[in-house]
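The values are calculated or read from the model by the stated rules, or taken from the named source; none is laboratory data. Since this is a predicted model, take the numbers as computed values, not measurements. In this analysis, Cβ positions are derived from the backbone assuming ideal geometry, glycine residues included, and neighbour counts consider all displayed protein chains.
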Amino acid sequence: MAKSVIDDMNDPEFRRLLSQEDLILDFTETICDLLEKEKISRKELADLLGKSKGFVSQLLKGDRNPTLRTVADNFHVLGYKVTLTPHKVNVKRKESNVIEFQTRQAFPKKKPIQNWGPLEGSFPENNSDIIAAFAG
């Protein structure tokens, strides 16, 4: 029988590996955001690091496992210092079939949906055939 996602999320080894991938993703997304912000190309980053463009591409695609030195070097050549801020993750296991994921994406505030008014005028005057169809 195949394992479910819930089984995976309750497996300590899976959660450990997921935590590693999450940190690598944080690193690559942050570096990509800074490159865009500073208007620096991947080739320019490679030159600043003294590495090949292929190395930087592999690093930012997540194909390489960056060491702490590599992480520090990437931020340093861009003029940033990186710090770690650990936070406790509450993991409640097997109490529910619902899995909650934390996200890092901050969505911009949007305008509230305008009130479109009542739906009464949206239906035909004689809707008995529609009601009959749903009544079964």
* Lone qualifier among K51, K88, K81 - being farther than 14 Å from I24 by Cα, charged (D, E, K, R) and surrounded by 12 or more Cβ atoms within 10 Å (Cβ to Cβ) -> K51
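Per-residue answers, yes or no, for (1) assigned to a helix (DSSP H, G or I); (2) at pLDDT 95 or above; (3) more than 21 Å from the chain's Cα centre (by Cα); (4) aliphatic (A, V, I, L, M):
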site	(1), (2), (3), (4)
Q20	yes, no, no, no
D33	yes, yes, no, no
L45	yes, yes, yes, yes
N97	no, no, yes, no
* Structure fact -> Taking first residues from the range 1-20 that are over 19 Å from K88 (Cβ atoms) and second residues anywhere that are at pLDDT below 85 and part of a helix (DSSP H, G or I), the pairs with Cβ under 7 Å that are 6 or more apart or on different chains are F14/D8
* Pairs where the first residue, in the range 71-86, is touching a residue at least 40 places away in the same chain (Cβ under 8 Å) and the second is of a type outside the set (K, R) and part of a loop (DSSP other than H, G, I, E, B), C-beta under 6 Å, 6+ apart -> F75/V82
* To do: Hey, can you tell me all the residues within the range 51-63 that are without any contact (Cβ under 8 Å) to a residue 12 or more places away in the chain and either under 14 Å from F75 (Cα atoms) or acidic (D, E) (or both)?
  => D63
* For A106, state whether it is modelled with pLDDT under 85 and in a helix (DSSP H, G or I). => no
